[in-house]
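What follows is a single structure, written as C-alpha cells, with notes after it.
The values are calculated or read from the model by the stated rules, or taken from the named source; none is laboratory data. No experiment lies behind these values; they were computed from the predicted model shown. In this analysis, Cβ positions are derived from the backbone assuming ideal geometry, glycine residues included, and neighbour counts consider all displayed protein chains.
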Amino acid sequence: MIFYILRRVFWVIPMLLGMTLIVFTLSHIVPGDPVATALGPLATKAAVERLKEAWRLNDPLPIQYLRYVKQMAKGDLGFSVYTRRPVMSDIRKYFMATFELSTVSLLIAMVGGIVLGAISAARKNGILDFMVRPLSLFGMSMPVFWVGLLILLLFYYRLGLIPIGRRIGLFIDPPTRITGMYIVDSLLTGNWTALGSAIHHVIGPALCLALCPLAIIARQTRSNLLEVLDEDYIGTARAKGVSEVIVVLKHALRNALLPIVTITGIQYGYLLGSSVMAEVIFSWPGIGRYALTAIRHLDFQPVLGFSVVMALVYMLVNLIVDVSYVYINPKVRFS
Amino acid sequence: MKIGKVCLVVLAGVLLASLLGGLALGDEIVLVAARPKDGESLNPITAAVSLGASRSVNLLYNQLVNVDSEKDFNVVPGLLTAWETEDYITWTVHVREGVTFHDDTPWNAEALKFNLDMWAVLPEATFMVYAGAAGTTEILDEYTLKIELKEAVPLLMDFLQTAWCSIISPTAIKDHATADDPYAMEWLNDHEAGTGPFILESWEPGERMVVRKWENYWGGVIKKTPKIDRLIYLTVPDAAVRMMMLEKGDIDLTGDLSSEMIADLEEMEGIKVEGYSGTSRRTMIFWDITAPPFDDLRVRQAINYAINYDEIIDRIDLGYAEKLCGMPAKGYLGASPELAGYYTYDLEKAKQLMSESKYADGFEVDLMYDPERYANYEDYALYIQSYLSEIRIKVNIKQVVLSTQTAMQDEGDYGMGLMLYSGDSVAMSADAVRWQYCSHLPTWGWRGSHWTDDTTEVLCPQALATADRIKRAQMYREIDLRAHELAVYVWITQLKPIFAMQDNIVNFRSCPPYQEWFWQVEKK
C-alpha cells in the first residue's frame, strides 16, 4: 500500500511539470505586457523596464520557466504583478474560501445524492422514484450560472431565506483566522455567532454548486443499488426476515458505494473548477475569482499558481479516493 | 434520531445567534455600498493607478492639492496651503498646519520631504512619470519646504492631485520597513496610514472593506468631517445581484448598472437614480490610421457620419450621456464643446464618402471590446454593427479582456476597438491630449490611433510646458480640432456615471475622475 501511494506521489511530479509547461506557454502566447498593464497607461518605458529587470521578466522564456519550476519546488509560487504580493500568500487567502465552499457543496451533494438515490432505488417505480429521476436529470442539465440565478431569485429575492454578497454577516466580525475557513475557525474559537452566520451565508452558493454533483451521485447510487439489490445475498437476507431498511442500508448500500466514491472524487474536482461561476454570482471571494482577475490582467504567475494548486488538490483527492477503495471493499488490493 | 434532533436544535440556535448578532448596530449611521470590483491593494503608490484601488485610497488618504470640481477644475489647496515658484524648477510649498495622520503623526514639512524623497527613488511610484525631474528637497521651517526639480514642470501641482500622490505617514512606513522593503510597500498593501476622512477598520480583499469616520479629520477641501459613522463597501461583481440587493434593502447604494436595470430601478418605489455630470468617462472607437482600411481618411469620416449618436444616447444610455466633443471632455480645460457637432449622424454623407474611398465595395472588420469595462458596451457594439452595415462594412464583434485589447492596439492593425477612457484626473487634460494624439509617450495601447502629426507633435510638449491655463487651453483646442479634421477616432459619448440608491440617501456625489464622494452622504 505504501509503495502504491509513493508511486502515485512520484507520478505527480511529471504531471505537474507537464501542466505548468502548458499553462506557462499558453500564458506567454497571449499578447500583452503584464508589467505595463499593472503600471497603467502612465508608465514610462524606463519604469516598465526597471520593474521587468527587477522581476527578471526579460530573461528568455525557458530560463524563466526553469526558474519557476525551481522556486515551485521550494513552495514559492512567484509574485503577483497585479496585487504586488507573493502568489502563495494570495492563494492561501482565497483558496480556503473556495475549499470551504466546495467542501460544503460536496457534503450536500454526497448526503443528498446518496439519500435520494437510495430512496429512489428502494422504492423503484414508486412516486419518489418518479420524482427523483427527472429532478436528477434537471440537476445535471442546468448550468451553474443559471442555477445560481434561480437560487438568488427564489431563496434570496422572493423568500428572503438566504443572504448573499459576502461570507459572513455585515455586522459580524470574521472569526480569528486559523484555517481561513470561517465555519471551521468559528468552531475552533467557539464563536457561535460567526458560525451561524458563516453557515447561513454558505448555503446559497453551496446549493448552487452542489446541484449537479448531487444529481449525478443520486443517479449513480440508484443504478448501483438496483444492481446490488438483485444479488442473491440480498434475496437471502430478505428471506431471513431482515427488514428492508437494514437490507438497503447495511447489506446493499455499502457494496454499491465503490463507484459512488469514484464519482464523488471526480465531482470534487468539478466543484473546485466550476466554483468560479458561483463565486461571481454569490460574490464569494474565492480562488476562482482571484484566477479570473489574474487572467484579465495577464498576471501569469498567479494563473500558474492557481493551476498548480488545483492540479495538486485534484490529484490528492483522486489518491484519497483510490486508497479509500481498500477500506470500502476488502476485496480490493493494491499489488 | 436523537442525535439528529440535537443537531437541528444546535443549528437553529447558531443561526439565531447569527441573526441577533447582525442586529447589534447601536446608533451608528452605517452606509452599505456595493461595487463591482475591489482594488487589488490599498497601497496608493503602486495600486492607485487602477480605478478600484483609487476609490479605496481616496477614502483613506489625502493629496497635497485637490481640484475644484464645482467650478473650473482648477487646482486648490489640499495638504498644502500655498506654493510659489518663478521658474517651475524651484518650488516653495507651505504645509497645512493642524493635520495629523491616522497614527497621530503630525503632518509637517518633514513628513512631506519623506514622501517626496520616497517617490523619487521608488521605481513603482507613478509620480516618477512627471517627476523624472525630481531633484532635491530642503526643509525651510516646520511647515515650509523647498523643492528643487531638475527641469521645469509647470503642471507639477496638477499632477500632485492624483490618488497615487497620496501622502503616507512616515512613522508608519519606518515602523514597518524591512531590509528588503525599506518603504514598507508590502505592509501598505493591506494597511493604511493616511490623513483621509475615513480610517480602515477591516479589509477582506474581494469581499468587503469597512471604514469608519476619522474624528480628527481636518475637513478636506470642503472643510467638513463625514456625516456617516461607518461605510461598508461590498464587492459584488454581478450587476444583477447588486440590483437585487438594492431592491431588498441590503445595500444603500450602487453603480455600474446596465441601462435596462436603471430603467427598471427608476420605476421602483423607495429607490432613486441619479446621474452625475462632469466626469471624464469617454467612449470612443479606436483604429490604427496607419493600416488599411483606416489609412483612408474618407473611410474614417464615413464611419464618423454613419453612427447615430443621438440614438445611442437616448436608447442605450437613457439620456445619461452626451455627445463627446473631444479628448478634453466637456467641462475640462481646453475642451471644445462645439466639436461635439463636428460629426453628426448623416447616412447619405457617410455613403457618399465610402463610395469615394478606396473601399467602395465595403470591407469586413473586427470590433473588439471588454464587456467589463462598461455595462452597456454590448449594446454599443450591436448598434455600431448595425450602423456600419448601412455603409457596407461588416463588423465582427469580439469580446476580449482589456489587457489583450490594449496589447493589440499597441501592436497596431487590430481592426476597431471600443474603448472607455476615463482619464486620470480632471486637471490633466494635458494627458488626455498627449496620450491620445501624440507619439512621444508610450501609452501601452491606450493611444490606439498610431497617429503622428507634425503640428501636434510640436504643440503637445509646448502645451505641457505652458503654465498659463488660457494659453494651454488654446493649444489643446487646436490639437483637438486637428484630430477631428483627420477623424483620428470616433468620439461617441461622454458618460454621466449613474448611481441607484435608497431614497433616504442624500448628498452623495460622483466626482471626476469617477470617484464616489461619501463624506457628505447622509441617511435621512
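If we keep just the residues of segment B:331-354 that are in a helix (DSSP H, G or I) and among the aliphatic types (A, V, I, L, M), which is surrounded by the most Cβ atoms within 10 Å (Cβ to Cβ)? Can you show your working first?
The first filter runs over segment B:331-354 and keeps only residues in a helix (DSSP H, G or I), leaving B:337-341, B:347-354.
Still in the list and also among the aliphatic types (A, V, I, L, M): B:339-340, B:347, B:350, B:353-354.
Details: B:Leu339: 21, B:Ala340: 19, B:Leu347: 15, B:Ala350: 24, B:Leu353: 23, B:Met354: 26.
So the residue we want is B:Met354.
Going by what's in this entry, would A:Val81 be described as over 26 Å from A:Ile168 (Cβ atoms), of a type in the set (A, V, I, L, M) and touching an Asp or Glu at 6+ places or on another chain (Cβ under 6 Å)?
In short, yes.
Collect the residues in segment B:348-380 that are within 25 Å of B:Trp446 (Cβ to Cβ) and touching a Lys or Arg at 6+ places or on another chain (Cβ under 9 Å), keeping them in residue-number order. Reasoning before the result, please.
To start, the set of residues in segment B:348-380 that are within 25 Å of B:Trp446 (Cβ to Cβ) comprises B:365-380.
B:Val365, B:Asp366, B:Leu367, B:Met368, B:Tyr369, B:Asp370, B:Glu372, B:Tyr374, B:Asp379, listed by residue number.
Determine whether A:Met72 is away from chain B (no Cβ under 12 Å) and under 20 Å from B:Asp181 (Cα atoms). Please lay out each step first, then the result.
Numbers: away from chain B (no Cβ under 12 Å): yes; under 20 Å from B:Asp181 (Cα atoms): no.
Here the answer is no, as A:Met72 does not meet what is asked.
Determine, yes or no, whether A:Val132 is modelled with pLDDT under 90, within 14 Å of chain B (Cβ to nearest Cβ) and in contact with a Ser or Thr (Cβ under 6 Å, 6 or more places away or on another chain).
On the way: modelled with pLDDT under 90: yes; within 14 Å of chain B (Cβ to nearest Cβ): no; in contact with a Ser or Thr (Cβ under 6 Å, 6 or more places away or on another chain): yes.
So A:Val132 does not fit the description; no.
Taking interchain pairs and intrachain pairs at least six residues apart, which have beta carbon atoms under 6 angstrom, with the first residue in segment B:437-459 and within 14 Å of another protein chain (Cβ to nearest Cβ) and at positive phi and the second modelled with pLDDT under 85 and assigned to a loop (DSSP other than H, G, I, E, B)?
Partner pairs satisfying both residue conditions: B:Trp444/A:Pro41.
The conditions are (1) surrounded by 22 or more Cβ atoms within 10 Å (Cβ to Cβ); (2) modelled with pLDDT under 95; (3) farther than 20 Å from B:Trp446 by Cα, and B:Ser280 fails exactly one of them. Which is it?
(3)
Which numbered condition trips up A:Met72, out of (1) more than 30 Å from B:Ser41 (Cα to Cα); (2) surrounded by 15 or more Cβ atoms within 10 Å (Cβ to Cβ)?
(1)
Tell me, yes or no, whether segment A:101-118 has at least one residue that is aliphatic (A, V, I, L, M) and more than 30 Å from A:Asn224 (Cβ to Cβ).
Let us first name the residues in segment A:101-118 that are aliphatic (A, V, I, L, M), namely A:101, A:104, A:106-111, A:114-116, A:118.
Then drop every residue that is not more than 30 Å from A:Asn224 (Cβ to Cβ), which leaves none.
Scanning segment A:101-118, I find no residue that is aliphatic (A, V, I, L, M) and more than 30 Å from A:Asn224 (Cβ to Cβ), so the answer is no.
Exactly one condition in (1) surrounded by fewer than 19 Cβ atoms within 10 Å (Cβ to Cβ); (2) on the phi > 0 side of the Ramachandran plot is false for B:Gly326; which is it?
It is condition (1) that B:Gly326 fails.
Would you point out which residue out of A:Glu227, A:Glu279 is modelled with pLDDT of 85 or more, away from chain B (no Cβ under 14 Å) and outside any loop (DSSP other than H, G, I, E, B)? Break it down stepwise before answering.
Details: A:Glu279 fails: away from chain B (no Cβ under 14 Å).
Testing whether each residue is modelled with pLDDT of 85 or more, away from chain B (no Cβ under 14 Å) and outside any loop (DSSP other than H, G, I, E, B) leaves just A:Glu227.
Restricting attention to segment B:195-227, and to residues there that are buried (at least 23 other Cβ atoms within 10 Å of the Cβ) and out of contact with any Ser or Thr (no Cβ under 9 Å at 6 or more places or on another chain), which single residue is nearest to the other protein chains (Cβ to nearest Cβ)?
So the residue we want is B:Phe198.
Within segment A:297-314, how many residues are within 21 Å of A:Met15 (Cβ to Cβ) and either aromatic (Phe, Trp, Tyr) or modelled with pLDDT under 85 (or both)? Give the derivation first.
Within segment A:297-314, the first condition is being within 21 Å of A:Met15 (Cβ to Cβ), and the residues that meet it are A:300-314.
Now restrict to residues that are either aromatic (Phe, Trp, Tyr) or modelled with pLDDT under 85 (or both): A:300, A:306, A:314.
Residues flagged as within 21 Å of A:Met15 (Cβ to Cβ) and either aromatic (Phe, Trp, Tyr) or modelled with pLDDT under 85 (or both) within segment A:297-314 amount to 3.
Against the condition in a helix (DSSP H, G or I), within 7 Å of another protein chain (Cβ to nearest Cβ) and closer than 30 Å to B:Ala47 by Cβ, how does A:Ala38 come out, does it pass? Spell out how you get there, then give the answer.
Values: in a helix (DSSP H, G or I): yes; within 7 Å of another protein chain (Cβ to nearest Cβ): no; closer than 30 Å to B:Ala47 by Cβ: yes.
In short, no.
Identify the residue in segment A:140-161 that is part of a loop (DSSP other than H, G, I, E, B) and out of contact with any Phe, Trp or Tyr (no Cβ under 7 Å at 6 or more places or on another chain) and, among all such residues, is nearest to the other protein chains (Cβ to nearest Cβ).
To start, the set of residues in segment A:140-161 that are part of a loop (DSSP other than H, G, I, E, B) comprises A:142-143, A:159-161.
In the following step, the residues that additionally are out of contact with any Phe, Trp or Tyr (no Cβ under 7 Å at 6 or more places or on another chain) were identified as A:142-143, A:159-160.
Values: A:Met142: 17, A:Pro143: 15, A:Leu159: 11, A:Gly160: 7 Å.
This residue is A:Gly160.
Go over the candidates B:Ile285, B:Ile391, B:Ile384 one by one and state the one that is modelled with pLDDT of 95 or more, among the aliphatic types (A, V, I, L, M) and assigned to a loop (DSSP other than H, G, I, E, B). Step through it out loud before you land on a result.
Details: B:Ile285 fails: assigned to a loop (DSSP other than H, G, I, E, B); B:Ile384 fails: assigned to a loop (DSSP other than H, G, I, E, B).
Unique residue meeting the criteria: B:Ile391.
For every residue, the table says whether it meets (1) touching a residue at least 40 places away in the same chain (Cβ under 8 Å); (2) closer than 30 Å to A:Val248 by Cα; (3) not in a helix (DSSP H, G or I).
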residue: A:Arg8; (1), (2), (3): yes, no, no
residue: A:Leu16; (1), (2), (3): yes, no, no
residue: A:Ser27; (1), (2), (3): yes, no, no
residue: A:Leu66; (1), (2), (3): no, no, no
residue: A:Lys70; (1), (2), (3): no, no, no
residue: A:Met88; (1), (2), (3): yes, no, no
residue: A:Ile114; (1), (2), (3): yes, yes, no
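Please pick out the residue among A:Tyr327, A:Tyr270, A:Tyr290 that is in contact (Cβ under 8 Å) with a residue 24 or more places away in the chain, out of contact with any Ser or Thr (no Cβ under 7 Å at 6 or more places or on another chain) and away from chain B (no Cβ under 14 Å). Step through it out loud before you land on a result.
Details: A:Tyr327 fails: in contact (Cβ under 8 Å) with a residue 24 or more places away in the chain; A:Tyr290 fails: away from chain B (no Cβ under 14 Å).
Among A:Tyr327, A:Tyr270, A:Tyr290, only A:Tyr270 is in contact (Cβ under 8 Å) with a residue 24 or more places away in the chain, out of contact with any Ser or Thr (no Cβ under 7 Å at 6 or more places or on another chain) and away from chain B (no Cβ under 14 Å).
For segment A:302-324, which positions are within 14 Å of chain B (Cβ to nearest Cβ) and over 17 Å from the mean Cα position of the chain (by Cα)?
Hit for segment A:302-324 is A:Pro302, nothing else.
Report the residue count in segment B:437-460 for those that are under 25 Å from the mean Cα position of the chain (by Cα), of a type outside the set (Ser, Thr, Tyr) and at pLDDT 80 or above.
So the first thing to find is which residues in segment B:437-460 are under 25 Å from the mean Cα position of the chain (by Cα), and the list is B:437-451, B:460.
If we keep only those that are of a type outside the set (Ser, Thr, Tyr) too, we end up with B:438, B:440-442, B:444-448, B:450-451, B:460.
Among the residues that remain, those that are also at pLDDT 80 or above are: B:448, B:450-451, B:460.
Total satisfying the criteria: 4.
Criterion first (surrounded by 21 or more Cβ atoms within 10 Å (Cβ to Cβ) and touching a Leu at 6+ places or on another chain (Cβ under 9 Å)) does A:Leu39 satisfy it? Full working, then the answer.
Working: surrounded by 21 or more Cβ atoms within 10 Å (Cβ to Cβ): yes; touching a Leu at 6+ places or on another chain (Cβ under 9 Å): yes.
Yes.
Residues that are under 18 Å from B:Val153 (Cα atoms), in contact (Cβ under 8 Å) with a residue 24 or more places away in the chain and either of a type outside the set (A, V, I, L, M, F, W, C) or assigned to a helix (DSSP H, G or I) (or both): does segment B:476-485 have at least one?
Within segment B:476-485, the first condition is being under 18 Å from B:Val153 (Cα atoms), and the residues that meet it are B:476.
From what is left, the residues that are in contact (Cβ under 8 Å) with a residue 24 or more places away in the chain are B:476.
Next, from what is left, pick out any that are either of a type outside the set (A, V, I, L, M, F, W, C) or assigned to a helix (DSSP H, G or I) (or both): B:476.
Yes, the conditions are met somewhere in segment B:476-485.
May I ask you to say which residue of B:Thr283, B:Thr254, B:Thr279 is closer than 22 Å to B:Ser510 by Cβ, among the hydroxyl-bearing types (Ser, Thr, Tyr) and within 14 Å of chain A (Cβ to nearest Cβ)?
Answer to the selection: B:Thr254.
Being outside any helix (DSSP H, G or I), away from every other protein chain (no Cβ under 11 Å) and free of Cβ contacts under 8 Å to residues at least 40 places away in the same chain is the filter; apply it to segment A:162-196 and report the residue that is nearest to A:Met96 (Cα to Cα).
Of everything passing the filter in segment A:162-196, A:Ile178 is nearest to A:Met96 (Cα to Cα).
For the subset of segment B:150-167 comprising residues that are under 18 Å from B:Glu110 (Cα atoms) and touching a helix residue (DSSP H, G or I) at 6+ places or on another chain (Cβ under 6 Å), which member is surrounded by the most Cβ atoms within 10 Å (Cβ to Cβ)?
Filtering segment B:150-167 down to residues under 18 Å from B:Glu110 (Cα atoms) leaves B:160, B:165-167.
Checking which are touching a helix residue (DSSP H, G or I) at 6+ places or on another chain (Cβ under 6 Å) leaves us with B:165-167.
Working: B:Cys165: 25, B:Ser166: 24, B:Ile167: 27.
The residue in question is B:Ile167.
For B:Met244, all conditions in the list (1) surrounded by 22 or more Cβ atoms within 10 Å (Cβ to Cβ); (2) outside any loop (DSSP other than H, G, I, E, B) hold save one; what is the number of the exception?
(1)
If I filter segment B:372-411 down to residues being among the polar types (S, T, N, Q) and in contact (Cβ under 8 Å) with a residue 60 or more places away in the chain, which single residue comes out as nearest to the other protein chains (Cβ to nearest Cβ)? Even if it seems obvious, please write down each step before you answer.
Pass one, segment B:372-411, residues among the polar types (S, T, N, Q): B:376, B:385-386, B:389, B:396, B:399, B:403-406, B:409.
Cutting the leftovers down to in contact (Cβ under 8 Å) with a residue 60 or more places away in the chain gives us B:376, B:409.
Working: B:Asn376: 19, B:Gln409: 10 Å.
Going through the qualifying residues, I end up with B:Gln409.
Report whether or not B:Glu322 is over 30 Å from A:Ile295 (Cα atoms) and part of a strand (DSSP E or B). Write out each step before concluding.
Working: over 30 Å from A:Ile295 (Cα atoms): yes; part of a strand (DSSP E or B): yes.
Spelling it out, B:Glu322 is indeed over 30 Å from A:Ile295 (Cα atoms) and part of a strand (DSSP E or B).
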